[in-house]
Amino acid sequence: MFKTEYHFEVKKRDWLLVVRLFGEIDHHGAVTLREDLDRLILKERPRRLVLDLSLIEFMDSAGLGLLMGRYRLMQDIGGVMVLSRPNQRIMKILRLSGMERFMEIEGVGAKGEQEDEAR
Amino acid sequence: MKQDKRFKNEINRMSLQMPAISVNEGMARAAVAAFCAQLSPDATELADIKCAVSEAVTNCIVHAYKNRKGKFYITVSLFADRTVQIAVQDKGCGIPNVKAAMEPLYTTDAAGERSGMGFTVMENFMDRLHVTSRQGKGTLVLLSKRLGRSTEEE
C-alpha cells in the first residue's frame, strides 16, 4: 500500500518539547499527524513546542493548516510554538501564507543531519 | 485541453486517471514530477510543480467529490520551448464562484483546518493558472510553467 509516510521523534526537557517531523506533509498525512501531535501536546503540555522541520521533504498548503492549528492549540494552553530549521521550500510557502510574519522561526535552511547540541 | 499555437511543438504527453482518494495525492505529484524530469527542471521548478499538482488533486478529493467516490484526470504536456502544461480535471460538484474560491484564505471548510491557500499556491508557484468550473459538472484546472526562467535565489 502506498502511503504518505510520516513519523516523528520527540525530545523532552522540562517545559520544552522538541518534535522532529519526517517525510511529507500533505492532506493525506495531515489527518493522522494532527491527531498524534495534539495527543502529544495535550499530554505533555509544554510551554515551548519546537517543531523541527529540517527533514520534511515536501509540504503543501495542508501543512499550513496543520501548523496553524498547532500554533493555536499551543496558544490555548498558554505556550508558544516555534518552527525550527525549515528549508527554503517551506519558507516559500510560509511567506506566501503570511505565517512567517507572526510565527517564531529559527535556523532557516540549516541541515537536519547536524545534531544541535543546544538541546 | 484548450489548444494554442504552441500545440504543434508538443514533444510528449501523459494522461493519468486515478480514484479520488487521498493516498493518490502523493502518487499524482510524484508521477507528474517524474514525467516533467525530461525537460530537466531545476530543483525549485520541480518542487513548485509538485506542490501545485498536490493542491489541485487535493481540491478534487476534498472539495469536488467531498471525500466520496470519483475520479480525477491529469494530462501533462511537454513543449519544445520547455513549457509544462498540466490539466487537472474532475467531474465533481463544481465551484459556484471561482473568483471567490481563488481568494487567499478562502475556504468552505473552516472546521477541517484548511488553510484556504490552495489556489494561491498554484498561482504563485506556476506561471499561469486558469480555472473553469460548472456546477454539477466539474472543474478543470490548467496550470502551466515555462522552465528556465527561475529568478529565485535557491
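For the range B:73-83, which residues satisfy the criterion of being surrounded by 16 or more Cβ atoms within 10 Å (Cβ to Cβ) and over 11 Å from the mean Cα position of the chain (by Cα)?
Taking the range B:73-83 and keeping what is surrounded by 16 or more Cβ atoms within 10 Å (Cβ to Cβ), we get B:73-79, B:82-83.
Of everything in the range B:73-83, those that are surrounded by 16 or more Cβ atoms within 10 Å (Cβ to Cβ) and over 11 Å from the mean Cα position of the chain (by Cα) turn out to be B:Ser77, B:Leu78, B:Phe79, B:Arg82, B:Thr83.
Restricting the search to the range B:51-66, which residues are within 14 Å of B:Thr107 (Cβ to Cβ) and facing chain A (nearest Cβ under 10 Å)?
Scanning the range B:51-66 gives B:Glu55, B:Thr58, B:Asn59, B:Val62.
Being on the phi < 0 side of the Ramachandran plot and part of a loop (DSSP other than H, G, I, E, B) is the filter here, so list the residues in the range A:71-114 that pass it.
Those that are on the phi < 0 side of the Ramachandran plot and part of a loop (DSSP other than H, G, I, E, B): A:Ile77, A:Gly79, A:Pro86, A:Asn87, A:Phe102, A:Met103, A:Val108, A:Ala110, A:Lys111, A:Gly112, A:Glu113, A:Gln114.
Run A:Lys12 past the list (1) away from chain B (no Cβ under 12 Å); (2) in a strand (DSSP E or B); (3) crowded, with 16+ Cβ neighbours inside 10 Å; (4) in contact with a helix residue (DSSP H, G or I) (Cβ under 9 Å, 6 or more places away or on another chain) and report the number of the one that doesn't hold.
Every condition holds for A:Lys12 apart from (3).
In the range B:136-154, which residue that is modelled with pLDDT under 95 and at negative phi is nearest to the other protein chains (Cβ to nearest Cβ)?
B:Glu154
For the range B:30-69, which residues satisfy the criterion of being surrounded by fewer than 16 Cβ atoms within 10 Å (Cβ to Cβ) and not aliphatic (A, V, I, L, M)?
B:Gln38, B:Ser40, B:Asp42, B:Lys66, B:Asn67, B:Arg68, B:Lys69
Only one residue in B:Thr108, B:Thr44 is over 13 Å from the mean Cα position of the chain (by Cα) and part of a loop (DSSP other than H, G, I, E, B). Which one?
On inspection, the qualifying residue turns out to be B:Thr108.
Would you say B:Ala100 is farther than 25 Å from A:Arg34 by Cβ, in a helix (DSSP H, G or I) and away from chain A (no Cβ under 14 Å)? Talk me through it step by step, then tell me what you get.
Working: farther than 25 Å from A:Arg34 by Cβ: yes; in a helix (DSSP H, G or I): yes; away from chain A (no Cβ under 14 Å): yes.
So B:Ala100 passes the test.
Could you tell me which residue of the range B:118-130 is farthest from B:Gly148 (Cα to Cα), considering only residues that are facing another protein chain (nearest Cβ under 7 Å) and without any contact (Cβ under 8 Å) to a residue 40 or more places away in the chain?
B:Thr120
Taking the residues in the range A:41-57 that are without any contact (Cβ under 8 Å) to a residue 60 or more places away in the chain, of a type outside the set (A, V, I, L, M) and crowded, with 20+ Cβ neighbours inside 10 Å as candidates, determine which candidate is farthest from A:Arg70 (Cα to Cα).
Among those residues, the one meeting the criterion is A:Ser54.
Take the range A:65-99 and flag every residue that is within 14 Å of chain B (Cβ to nearest Cβ), crowded, with 18+ Cβ neighbours inside 10 Å and either of a type in the set (Asp, Glu) or touching an Asp or Glu at 6+ places or on another chain (Cβ under 6 Å) (or both).
A:Gly65, A:Leu94
Output yes when any residue across the range B:67-88 is out of contact with any strand residue (DSSP E or B) (no Cβ under 8 Å at 6 or more places or on another chain) and either acidic (Asp, Glu) or modelled with pLDDT under 95 (or both), and no when none is.
From the range B:67-88, those out of contact with any strand residue (DSSP E or B) (no Cβ under 8 Å at 6 or more places or on another chain) are B:67-68; that's our starting set.
Then drop every residue that is not either acidic (Asp, Glu) or modelled with pLDDT under 95 (or both), which leaves B:67-68.
The answer is yes, given that some residue of the range B:67-88 is out of contact with any strand residue (DSSP E or B) (no Cβ under 8 Å at 6 or more places or on another chain) and either acidic (Asp, Glu) or modelled with pLDDT under 95 (or both).
Condition first: in contact (Cβ under 8 Å) with a residue 40 or more places away in the chain, buried (at least 16 other Cβ atoms within 10 Å of the Cβ) and in a strand (DSSP E or B). Can you find one or more residues in the range B:17-29 that meet it?
Within the range B:17-29, one or more residues are in contact (Cβ under 8 Å) with a residue 40 or more places away in the chain, buried (at least 16 other Cβ atoms within 10 Å of the Cβ) and in a strand (DSSP E or B).
Is it true that B:Lys8 is away from chain A (no Cβ under 11 Å), in a loop (DSSP other than H, G, I, E, B) and over 19 Å from B:Phe125 (Cα atoms)?
So B:Lys8 fails the test.
Per-residue answers, yes or no, for (1) among the charged types (D, E, K, R); (2) over 17 Å from A:Met103 (Cα atoms):
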residue	(1), (2)
A:Phe8	no, yes
A:Trp15	no, yes
A:Val18	no, no
A:Asp26	yes, yes
A:Arg34	yes, yes
A:Ile56	no, yes
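The values are calculated or read from the model by the stated rules, or taken from the named source; none is laboratory data. For clarity, every value in this text was computed on a predicted model and none was experimentally measured. Here Cβ is always computed from backbone atoms with ideal geometry, including for glycine, and neighbour counts include all displayed protein chains.
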